1. Just to verify a number: FRET efficiency for residue B:91 and residue B:132, C-beta to C-beta distance, R0 = 45 Å, to 0.05?
2. In terms of Cα to Cα distance under 14 Å, which aspartates and glutamates are near enough to residue B:75, apart from those fewer than 8 places away along the same chain?
3. Give a residue-ordered list of calculated ³J(HN,Hα) values for the range B:140-152 (Karplus: 6.51 cos²θ - 1.76 cosθ + 1.60, θ = phi - 60°; whole Hz; x for Gly, Pro).
4. So, R0 is 22 Å and r is the distance between the beta-carbons of residue A:140 and residue A:79; what FRET efficiency does that work out to, to 0.05?
5. Residue A:67: which lysines have alpha carbons under 21 Å from its alpha carbon, excluding same-chain residues fewer than 8 sequence positions away?
6. Given +1 on the Cβ of Lys and Arg, -1 on the Cβ of Asp and Glu, and no further charges, what dipole in debye does chain A carry about its Cα centre, rounded to the nearest 20?
7. Answer with one residue from B:73, B:113, B:17: the one whose Cα lies farthest towards the positive end of the charge dipole of the protein assembly as shown, charges on Cβ with Lys, Arg +1 and Asp, Glu -1.
8. Over all residues in B:101-110, what is the mean tally of Cβ atoms on other chains that come within 10 Å of each residue's Cβ?
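Readers should treat all values here as calculations from the given coordinates under stated rules, not as data from a laboratory. What you see is a predicted model, and the numbers here were worked out from it, not measured in a lab. Here the Cβ is made from the backbone with ideal geometry for all residues, glycine too, and neighbour counts use every protein chain on show.
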Amino acid sequence: MPIYEVVYESGSHALASYADDEEARAALTAHHERAVSGVSATPASTERNDVTGVPGPTSWPAERIAKVYVFETHPANYRVGEQVPADEIDVVINSLKDSDGLVNAQEAAAAVRTTSSPFITPENPHDSMYAMDHTELDWSGE
Amino acid sequence: MAVIAFQRLSQLVTDYVLGASGTITPPSAWTMGLSTTAVATMARASIWSATVTGTNINEIGSTTASGYARQTIAKSINTGSIDWGTSTFDSTLSTGGQSSTADQVTFGAFSGAPSPNGANSWVMTDGTTLNAGQVYFAGDTAATRTFANGDTEKVTATLKAG
C-alpha cells in the first residue's frame with residue numbers, strides 16, 4: 001500500500017496510508033475544505049476519567065495542503081536491510097579529508113551513520129523531508 | 001496523564017550507551033504510533049500485538065488504515081526534519097532530569113474510520129509495520145480520539161530521563 005507524505009501549508013508533514021490516489025484525494029479534499037472553511041480538524045473526543053493534567057491544546061484547526069508526495073513503501077524503510085556499494089561510503093569519508101588526507105574520526109563516524117538516515121533536510125518548507133524516491137501527486141487543492 | 005518507559009529503552013541505556021552493544025542498537029529513525037490501549041493497562045514488558053489481552057499494545061488502523069500510518073521522528077536535533085529539540089536539565093533531585101521535546105507530529109488526514117479506531121495513547125516505537133516493532137515509551141492522549149474522514153491528530157512527545 002503506498003504511503004503519502006502530506007505537506008501542509010504551515011510546513012508540517014504527515015504520513016498517511018491510502019489504498020490509492022482516489023482515496024487520498026477524497027481524504028485530503030475533505031481536510032482541505034475544512035481549512036478553507038475555518039473548520040476544526042480535531043476528531044471526535046471522548047473525555048477520559050483516567051486522564052488528568054494533560055498539557056497543550058486538545059483541538060486544532062484544519063490546515064491547507066500545499067504538496068503531496070507518494071512513496072511505494074513507508075519512507076522510514078529507506079535502506080533498512082539494504083546493501084550499498086562500499087565506494088559510496090568511501091566517497092562520504094573522502095569528502096571529509098583535509099589537505100593532509102586526515103579525517104576527524106568522530107565526524108567520519110557520524111557521516112557514515114547519516115548514509116542510512118531516511119531523512120534529508122528540505123530546501124524549502126514544502127519539499128519532501130525523505131530520502132526515498134517518490135513522485136508528486138497532482139494536487140491543486142480540489 | 002500516565003506515561004511509561006518500556007524495557008527496551010532501559011536496555012538501550014545498559015547495553016548500547018554503556019556497553020556499545022552491536023545487537024541492542026537504536027533504530028535509524030524513531031516512529032510514533034497511536035494505540036487503543038491506555039497506559040494504565042501497559043507494563044514495562046508490553047509488546048505490540050493485534051491480540052487485545054493482558055498488557056499487549058494494540059495499534060489503531062491495523063485492520064483498515066483509512067489514512068493511518070506511523071509518523072517519523074529523525075534521530076537529530078533541530079534540523080529541518082521532524083526531530084528533537086535542544087534538551088534541558090532540571091536539577092530537582094526527586095523529579096528532575098534531562099528532557100527533550102520532539103517537533104509536533106501530525107497523523108492523517110484520515111479517509112474514514114480506521115479499524116480499530118479510538119486512540120488512547122501514543123507510543124514511541126520503531127519500524128513501520130503496524131502492531132510490530134520495539135516499544136520505547138508511551139503517554140496517554142488527552143481524550144479518546146475517534147477518527148473520521150478529514151480528521152487529523154497532533155502529538156508532541158517529551159522524554160524526561162531522571
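1. The value I calculate is 0.70.
2. B:83, B:103, B:126
3. Once rounded to whole Hz, the list reads 5, 7, 5, 8, 6, 9, 10, 8, 9, 3, x, 6, 10.
4. With a Förster radius of 22 Å, E is 0.10.
5. Residue A:67 reaches B:154.
6. In debye, rounded to 20, chain A gives about 540.
7. Highest projection toward the positive end goes to B:17.
8. 6
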